[in-house]
Structures are given as C-alpha cells and as structure tokens.
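The values are calculated or read from the model by the stated rules, or taken from the named source; none is laboratory data. All values reported here derive from a predicted model rather than from experimental measurement. Positions of Cβ are backbone-derived with ideal geometry, glycine not excepted, and every protein chain shown enters the neighbour counts.
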Amino acid sequence: MGIDADDFRAYVIRPTLQKLEIHSDAAELLLLGTAAVESSLGAYLKTEGQRTSGIYRMHGLTHRHIWDDYLASRAELASKVRGIASQHEFLTQPHQELTTNLAYATAITWLAYVRHAEFSLPKTASSLHLAKLWKTFYHPRDDLSIDDFIERYDALITPDTTQDTTPGTTPDTTAASAPV
C-alpha cells in the first residue's frame, strides 16, 4: 500500500510546486499520476536490479542531467531546489534524496518535465493527456505504457483528488509553465 493520493497531493506536491512558484492543478495531477504509475504512490521505492529509485522512480543519470544541463543556467531556480534538499545528505549522496526526500523528488520530477522546450501543460488535462505527457517527457522506455499510466491513475487517484478540496484555495485557471 502506498501513500494516500489526497495527502500526497496536499502535503507534498502542492507545497513543493508553490515553492517553485507553480500554481496548477494539472501540474499536481501530472506529478500524482507519475508517482502512481512509477511506484504505486510509494508502495515500493526500489526494485532489485533497477537503477531507478524513489516514489517517481527517477534514474540517477536523469537527476544529474537536470542539475548539469537545466539548473546550471538557472541560478535562482537551482537555489530554490537546493533549499528543498536536506543539508547533509544532498552533499554526500545526492541521488538518495530522490528516495528519502519527497519534496525534493517532487521538485526534480517537475523539472524533468519542464526542461523539455516542447513541454506544455494546459489548465486542465484528462488522464489520457497526462499519460501522453508522462510517456513523451518522463518515461519513454517500453516497460510501461500509456495504458499502464491510465490504469494506475484510475485505480489510485480517487475522483476527489482531481478536484482541489483544500480549504481556502481556489481552482487554478492558469496554464503551468516552466520556471525561469
């Protein structure tokens, strides 16, 4: 059993995106769907023989490319992301942060999407649209399919999760864009 989808969205994904100055229901759902398909929302964090880990099952090489090729030229954003990482572990075992620090893993996973110039996320998106974004920009390998994304999304993300139910918030009406 993994993390409750509503809790993960409200207490990890949303606050992390807010730190990155992203306010988008579709971005939250894309990240939630990514965690659902990759690890069944944290039901497993590492599979024997796999080089991916964490709730989003990110490969260490992808993590490195995000820092070297994307964040290296975006000092302000890099500083925000570095502020989410734990002080000691990030310096000694940066890839371990993808498993042990949910907020950091969420920030890096968002950047795995937006680092692609052609990435575009509308205000609202169906599970099929989210699955296509995931397949194109996050998981192009053949071991999981768009159908796998939709199946796990439908099974693990309740209908209530797709609507913002946090007290004091209003639904987002702006499209998500890459932080600059």
Legend entry - Sole residue being among the aromatic types (Phe, Trp, Tyr), over 14 Å from the mean Cα position of the chain (by Cα) and not in a helix (DSSP H, G or I), chosen from Tyr44, Tyr56: Tyr44
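Taking the stated definitions as given, is Ala35 under 16 Å from Glu97 (Cβ atoms), surrounded by 19 or more Cβ atoms within 10 Å (Cβ to Cβ) and modelled with pLDDT of 95 or more? Lay out the reasoning, then the answer.
Values: under 16 Å from Glu97 (Cβ atoms): yes; surrounded by 19 or more Cβ atoms within 10 Å (Cβ to Cβ): yes; modelled with pLDDT of 95 or more: yes.
Taking the combined requirement at face value, the residue satisfies it.
To keep it simple, each residue is scored yes or no on (1) free of Cβ contacts under 8 Å to residues at least 40 places away in the same chain; (2) in contact with a Phe, Trp or Tyr (Cβ under 9 Å, 6 or more places away or on another chain); (3) not charged (D, E, K, R).
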position	(1), (2), (3)
Ile66	no, no, yes
Asp69	no, no, no
His95	no, no, yes
Leu98	no, yes, yes
Leu111	no, yes, yes
Lys123	no, no, no
His139	no, yes, yes
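Based on this model, can you work out whether Arg9 counts as part of a helix (DSSP H, G or I) and either surrounded by fewer than 22 Cβ atoms within 10 Å (Cβ to Cβ) or in contact with a Gly (Cβ under 9 Å, 6 or more places away or on another chain) (or both)?
Answer is no for this residue.
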